[in-house]
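K.L.:
Just dropping this structure here.
Bear in mind these aren't lab numbers, they're just calculated from the coordinates by the rules spelled out. This one's a predicted model, so the numbers in the text were calculated from it and none came from an experiment. Cβ atoms come from the backbone with ideal geometry, glycine included; neighbour counts cover every protein chain shown.
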There are 2 protein chains.
Amino acid sequence: MTNPTCAVVLIGNELLSGRTEDANMNHIARRMADIGVRFLECRVIPDDKDVIVATLRELKEKYTYVFTTGGIGPTHDDITVECVAHLFQVPVERNAATVKAFEAYYKERMNEGVLKMADFPKGAELIANSLSIAPGFRFENVYCMAGVPKIMRVMLEGIIPSLRKGSEVFSKSVDVYAGESVISAEFERVQKQFSDVEMGSYPFAFEGKGCTSLVLRSDNTASLQQAYQNVISFLGHLGVEYQ
Amino acid sequence: MTNPTCAVVLIGNELLSGRTEDANMNHIARRMADIGVRFLECRVIPDDKDVIVATLRELKEKYTYVFTTGGIGPTHDDITVECVAHLFQVPVERNAATVKAFEAYYKERMNEGVLKMADFPKGAELIANSLSIAPGFRFENVYCMAGVPKIMRVMLEGIIPSLRKGSEVFSKSVDVYAGESVISAEFERVQKQFSDVEMGSYPFAFEGKGCTSLVLRSDNTASLQQAYQNVISFLGHLGVEYQ
């Protein structure tokens with residue numbers, strides 16, 4: 001597949017201490033699926049300069065796009081800007097237009113903390129933030145967004161129009177009222193027939209009974225439809241309920 | 001700090017496609033914080049043998065413990081067992097006691113799919129599953145658990161007594177009714193004074209107003225208390241509301 005790929009890096013001690021539950025990865029995953037960008041890896045890492053720089057250095061080479069969330073606020077633990085500047089070997093530079101926007105917004109509350117959010121790696125392109133002004137930024141294929149979910153979403157929607165789109169991935173699913181082990185042999189047989197369909201099975205409980213959700217995904221609608229028919233057919237032969 | 005460390009690997013295409021929202025990382029994070037194991041990295045990766053093997057190979061060297069979730073069921077996309085066997089260069093072996101337990105439980109529903117869940121890397125120690133029988137397993141410092149959150153939690157509680165505990169990490173927090181930029185300079189000043197206290201600030205909204213939660217964490221209760229007093233003191237000087 002020649003679809004573009006991406007990785008996500010969630011930056012923040014609060015995610016690893018358990019204080020905060022991530023609400024960004026799943027949203028990015030769904031939006032990337034919508035536009036045919038294959039999301040292949042996510043990492044959650046602490047506010048640690050060496051770790052952030054090493055992680056971004058590795059991932060920016062492996063994937064078409066790298067998206068980060070977190071670490072772009074005004075406090076001492078917000079170090080994404082200095083990490084990206086270090087990674088790309090450029091200085092950190094204060095952006096005049098952002099300072100101006102802050103002055104108009106913060107007025108007498110303007111201070112060094114606010115100004116820190118006007119600092120970006122030199123040469124970065126800013127990512128607009130219509131909710132709370134302080135922008136995100138892109139440097140080459142690394143896109144740095146806020147960690148606050150509402151702001152992250154606004155930034156992501158600002159980024160998406162500029163991304164290369166992949167072929168759309170279609171999916172079909174069927175809920176089976178039987179455990180995974182009942183369908184696993186037949187399901188695997190179908191998977192082997194359709195290498196261009198990604199087939200997954202996911203257990204769930206219904207009225208205390210083990211059930212299975214089967215999900216088929218492909219950018220080839222003909223294969224997807226055939227594989228789906230094969231699944232429906234073996235479910236009939238097995239005599240299990242499904243819908 | 002000599003506390004043990006850990007990484008978590010969430011295995012499953014469904015997490016990266018956005019179909020499923022992870023419910024395991026945060027739980028593991030909180031339980032590791034409880035017992036003083038430092039959770040330093042999480043990765044979310046697809047059901048891809050090369051990726052799983054390479055990820056585990058890297059992480060098992062870097063951390064005291066590696067915990068995986070997902071990929072231990074009966075279907076073709078459940079490949080954690082074969083990946084761990086490949087990583088440690090051991091064969092996959094059917095476990096007789098597990099087969100016996102399955103026979104008693106599944107009776108006439110016994111089949112190859114069920115039996116697959118009795119296969120483990122030779123030499124692995126099994127992790128009990130009181131909910132749905134099929135065990136997880138440990139090989140050296142790699143602990144492989146189910147992806148279904150309820151089952152994962154049971155397995156984790158089974159693992160925890162055998163883990164080396166670190167010194168407990170204590171925390172104090174204060175909610176400030178002002179934005180991060182208002183407190184960032186003073187907050188950083190305190191952080192610089194207390195290198196053994198990890199200080200983070202997290203924005204939240206209250207009645208539409210930007211507020212900030214300050215969190216201090218340390219295994220040194222004296223430092224923690226002093227740093228906290230310093231924070232309370234500067235909040236008073238700044239004249240911001242807090243609680």
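K.L.:
Computed over the Cα atoms, what is the radius of gyration of the stretch A:170-238 divided by 2.2 N^0.38 Å, N being its residue count?
P.N.:
After normalising by residue count via 2.2 N^0.38 Å, the value is 1.05.
K.L.:
Where does each of A:132-140, A:45-53, A:162-170 land if you order them by average Cβ count within 10 Å, highest first? It would help to have the intermediate numbers written out before the result.
P.N.:
On the way: A:132-140: 20.8, A:45-53: 18.0, A:162-170: 14.7.
Peptide ranking by packing, descending: A:132-140, A:45-53, A:162-170.
K.L.:
Same structure again: How long is the gain from residue A:50 to residue A:241 if the chain were fully straight, where each residue apart is worth 0.36 nm and the alpha carbon distance is subtracted?
P.N.:
Extra length available between residue A:50 and residue A:241 comes to 63.4 nm.
K.L.:
For the modelled label position 7 Å from the Cα of residue B:164 along Cα-to-Cβ, which residues of the stretch B:217-237 have backbone nitrogen atoms closer than 15 Å?
P.N.:
Counting backbone N atoms under 15 Å from the label point, the list is empty.
K.L.:
Among B:157, B:188, B:125, which one moves the most in a GNM of chain B with springs linking Cα atoms closer than 10 Å?
P.N.:
Checking each option, the largest mean-square fluctuation is seen for B:188.
K.L.:
Using a 10 Å cut-off around each Cβ of peptide B:26-32, what is the average number of partner chain Cβ atoms that fall inside?
P.N.:
Numbers: counts 8, 2, 2, 10, 4, 1, 3.
Mean shielding count: 4.
K.L.:
Given the rule -39500 (n - 2.57) for each run of at least 4 DSSP H residues, summed and divided by the residues of the protein assembly as shown, what is its mean residue ellipticity at 222 nm, to the nearest 500 deg cm²/dmol?
P.N.:
Here the helix-only value at 222 nm equals -12000 deg cm²/dmol.
K.L.:
Would you count, across the stretch B:5-162, every pair of lysines whose alpha carbons are under 25 angstrom apart, provided the pair is eight or more residues apart or spans two chains?
P.N.:
Total qualifying Lys-Lys pairs in the stretch B:5-162 comes to 12.
K.L.:
Next question. Does the stretch B:64-180 come out rounded, prolate or oblate by the C-alpha gyration tensor, with a ≥ b ≥ c the root eigenvalues, rounded set by a/c under 1.5 and, if not, prolate when a/b is larger than b/c and oblate if not?
P.N.:
Prolate, because a/c is 1.5 or more and a/b exceeds b/c.
K.L.:
Ok, one more. Distance in whole Å from the B-onto-A rotation axis to the closest C-beta of chain B, together with the residue it belongs to, please.
P.N.:
Spelled out, residue of B and its Cβ distance from the axis onto A: B:43, 3.
K.L.:
Relative contact order, percent, of the stretch A:5-162 when contacts are C-alpha pairs under 8 Å separated by at least 6 residues?
P.N.:
24 percent
K.L.:
Mind listing the label-point distances from residue A:34 to the same position on all other copies, shortest first, one decimal in nm, points 7 Å along Cα→Cβ?
P.N.:
Label-point separations across copies, in nm and ascending: 3.7.
K.L.:
Then there is this: Can you classify the stretch A:1-62 as rounded, prolate or oblate using the Cα gyration tensor, where a ≥ b ≥ c are the square roots of its eigenvalues, rounded means a/c under 1.5, and otherwise it's prolate if a/b beats b/c and oblate if not?
P.N.:
Oblate, since a/c reaches 1.5 and b/c is not below a/b.
K.L.:
Only sites in a loop by DSSP and with at most 15 other Cβ atoms within 10 Å count here; which chymotrypsin sites (Phe, Trp or Tyr not before Pro) in the stretch B:1-73 make the cut? Spell out each step's value before the answer.
P.N.:
On the way: sites: B:39, B:63, B:65, B:67; in loops: B:63.
Answer by residue number: there is no such site.
K.L.:
What is the antiparallel percent of DSSP beta bridges lying wholly in the protein assembly as shown, to the nearest 5?
P.N.:
65 percent
K.L.:
Let me ask something else. With springs only between Cα atoms under 10 Å, which of B:124, B:33, B:227 fluctuates most in a Gaussian network model of chain B?
P.N.:
Among B:124, B:33, B:227, the largest GNM mean-square fluctuation belongs to B:227.
K.L.:
A further question on this structure: Please say if chain A is rounded, prolate or oblate, where rounded means a/c under 1.5 for a ≥ b ≥ c the square roots of the C-alpha gyration tensor eigenvalues, and otherwise the choice is prolate for a/b larger than b/c and oblate otherwise? Each step should come with its number before you reach the end.
P.N.:
Details: a/c = 2.81, a/b = 2.37, b/c = 1.18.
Note, shape of chain A comes out prolate.
K.L.:
Do any chymotrypsin sites (Phe, Trp or Tyr not before Pro) in the stretch A:82-126 lie in a loop, going by DSSP, with at most 15 other beta-carbon atoms within 10 Å of their beta carbon, and if so which?
P.N.:
none
K.L.:
Between A:171, A:201, A:184, where does the largest GNM mean-square fluctuation fall for chain A, given springs only between Cα atoms within less than 10 Å?
P.N.:
Fluctuation is largest for A:184.
K.L.:
Which residue, chosen from B:222, B:174, B:211, occupies the Cα position most advanced towards the positive end of the dipole of the stretch B:158-227, where the dipole is computed from +1 (Lys, Arg) and -1 (Asp, Glu) charges on Cβ about the Cα centre?
P.N.:
Most positive-ward Cα: B:222.
K.L.:
Further question on the same structure: Arrange A:110, B:32, A:199, B:25 by Cβ neighbour counts within 10 Å, fewest through most, would you? Please report the intermediate quantities before stating the final value.
P.N.:
Working: A:110 15, B:32 28, A:199 22, B:25 25.
Ordered from fewest to most neighbouring Cβ atoms within 10 Å, A:110, B:32, A:199, B:25 come out as A:110, A:199, B:25, B:32.
K.L.:
Within 10 Å of each Cβ of B:5-15, how many other protein chain Cβ atoms are there on average? Write out the running numbers ahead of the final one.
P.N.:
Values: counts 0, 1, 3, 2, 0, 3, 0, 2, 8, 7, 5.
Shielding by partners across B:5-15 averages 3.
K.L.:
Okay, moving on. Calculate the dipole size of the protein assembly as shown relative to its Cα centre from +1 charges on Lys and Arg beta carbons and -1 charges on Asp and Glu beta carbons; express the result in debye to the nearest 20.
P.N.:
Value, rounded to 20: 40 debye.
K.L.:
Where the centre of each part is set by its Cα atoms, how far does the stretch A:133-181 sit from the stretch B:156-226, in angstrom?
P.N.:
30 Å
K.L.:
Suppose R0 equals 35 Å; then what is the FRET efficiency for residue A:125 and residue B:141 from their Cβ-Cβ distance, rounded to the nearest 0.05?
P.N.:
Rounded to the nearest 0.05, the efficiency is 0.25.
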